[in-house]
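Structure record follows, encoded as structure tokens.
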Amino acid sequence: MPVVVAVLAAGCSAAVDPGDVGLLPAITPGEVQELLAGSTEPVVLNVWASWCIPCRSEAPLLREAQASFGGEIRFVGISVRDSQRSARSFLNEFGLDSFEQFFDRDGVVPGTLGGRGVPHKFFFAPGGELLELHFGVIDERTLALNLDELLRRGS
Amino acid sequence: MEFTLLWGALAGVGGLYLALRWMARKDTTLCVGDLWDIALGAGIAGLAVGRLAAMIRQGVNPLAHAGDVILIRAGVDTVAASAAALGTAAWLGRRNLREQLDGMAPAVLVGLAGWHLGCLLRESCLGTASSLPWAWAQSGSEITRHPVELYTAAILLIGGHFLFRLRLRYPAPGTIAGAGLAVAGLSRLATEPMRVSLFGGPVGWYLVALIGGATAAIWAATRPRPEPAEDG
């Protein structure tokens, strides 16, 4: 019964505010290329938006993955075609503020890397070689397999 | 949007249906229509409850985000789904419970095998790294891995075939159903070490299914059978 009450209460709560999440820095295609080329760790680059329902569904999984592998793999997020306030509220709601997060209002960056739609994830080896591009919601096993590939091929 | 999970689900449902039809050709006591209804109802209930449980576990409010229920790929809680499916099957087949579950168990194992074989359609068969001759790599990689989903499917298919052969010898009611649960638990328990996972599977629950199913099968098999009623 307490669980039901808690769920109902949460369902009726007001929209989440951005909390302490600061303004997300804007990023350009050139800056992303520099970030990837200069990274000495493998990179998971997640393209998301606060209005994207599948992004919300996979957010807890990505948070757990970052908590487990954040020391070995660099987790980067890019919010696309979004507003700063909505994006920051999303990060606050799902505790994703420990990712390196960037803002791409016009959504041009993912296209230059071969991405399309939202969400999708790029898996890069150190130095920026693209190992895998996953479109749509990612499930736990697929994410775990790709992280394992990153760690093995990146070492 | 990806629909590859749907192909896996269709492989599972198709496997279940074909197995029921094939069994009915060999065993004329089977009522395929009833068993199909029970199995499908149990599967749908299990999927819905498992998805809701996964959402709650992940901190996604199912009331505030009801539409997220359809995002199966974002996670289904295996234990909740299995419990709901078993409960629903027991409820739907309550008038003749043990016989209905016995009739369904081999086909359900084949259906589960179909679901795991569906990994070939969604390119997600692989597990931990391996240098065994039959290991293979995902596209673009040189790291060969166990085709762990195929191992699971093989155990389920062998188990389903064995149980169907056993069924033709008319064991005591409940024996096949218990053994089916044990095979399902075994198929996951034996392959779990070869799966890549962030959190690990619910190994304890797989063990519960294996031991519980085996115990139920032995208990059912060793119970005295009711004497046939005598006329006049």
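Here is how the numbers come out for the structure above:
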item	result
B:Tyr170-B:Leu121 FRET efficiency (beta carbon distance; Förster radius 41 Å; 0.05 resolution)	0.65
Given charges at Cβ of Lys, Arg, Asp, Glu: the protein assembly as shown dipole, positive-most of B:Trp115, B:Pro133, B:Trp22	B:Trp22
Whole-Hz couplings from phi, Karplus 6.51/-1.76/1.60, listed for the range A:39-54; x for Gly and Pro	7, 8, 10, x, 10, 9, 10, 9, 9, 9, 8, 5, 7, 8, 5, x
Neighbourhood charge, 13 Å Cβ-Cβ cut-off, centred on A:Glu31 and excluding it, Lys, Arg +1 and Asp, Glu -1	-3
Shielding by partners, peptide A:57-65 (average Cβ within 10 angstrom, other chains)	5
Gaussian network model of chain A, springs between alpha carbon atoms under 10 Å - residue of A:Gly77, A:Gly22, A:Gly95 with greatest fluctuation	A:Gly22
Förster radius 25 Å - calculated FRET efficiency between B:Val79 and A:Glu100 (Cβ-Cβ, nearest 0.05)	0.10
Per-residue average of Cβ from other chains inside 10 Å of B:69-78	4
Student exercise, chain B dipole from Lys, Arg, Asp, Glu Cβ charges, in Debye to nearest 20	200
Residue order, fewest to most surrounding Cβ atoms within 10 angstrom, among A:Ser57, B:Ser130, B:Ser82	B:Ser130, B:Ser82, A:Ser57
Point-to-point label distance, A:Arg116-B:Arg223, nm (Cα→Cβ direction, 7 Å offset)	5.9
Cβ neighbours within 10 Å from other chains - mean over B:136-145	3
Value of [θ]222 nm, deg cm²/dmol, for chain A, DSSP H segments ≥ 4, -39500 (n - 2.57) each, nearest 500	-13000 deg cm²/dmol
B:Ile158/B:Ile70 FRET efficiency (R0 41 Å; Cβ-Cβ; nearest 0.05)	0.75
Unpaired by the 4.7 Å Cβ criterion, cysteines found in chain B	B:Cys31
Whole-Å semi-axes of chain B's equivalent ellipsoid (Cα gyration tensor)	32, 21, 17
Order of B:His116, B:His65, B:His146, A:His134 - criterion: other Cβ atoms within 10 Å of each residue's Cβ, fewest first	B:His65, A:His134, B:His146, B:His116
GNM flexibility winner over chain B from B:Ile44, B:Ile155, B:Ile70 (Cα, springs under 10 Å)	B:Ile70
Segments B:4-12, B:24-32 sorted - mean Cβ within 10 Å per residue, highest first	B:4-12, B:24-32
Sum of side-chain charges, B:Trp22 neighbourhood, beta-carbon under 14 Å (Lys, Arg +1; Asp, Glu -1)	+4
Label point distance in nm, A:Ala26-B:Thr128, each placed 7 Å from Cα along Cα→Cβ	4.9
Exposure proxy ranking, count of Cβ atoms within 10 Å, fewest first, for B:Thr215, B:Thr88, B:Thr222	B:Thr222, B:Thr215, B:Thr88
Local electrostatic count, B:Ala66, Cβ distance below 14 Å [Lys/Arg +1, Asp/Glu -1]	+1
Residue-span extension gain [B:Asp27 to B:Leu10] - 0.36 nm each, minus C-alpha spacing	3.6 nm
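Bear in mind these aren't lab numbers, they're just calculated from the coordinates by the rules spelled out. Here the structure is a predicted model, which is why all the values come from computation and not from measurement. A quick note on method: Cβ atoms are made from the backbone with ideal geometry, for glycine too, and the neighbour counts reach across all protein chains shown.
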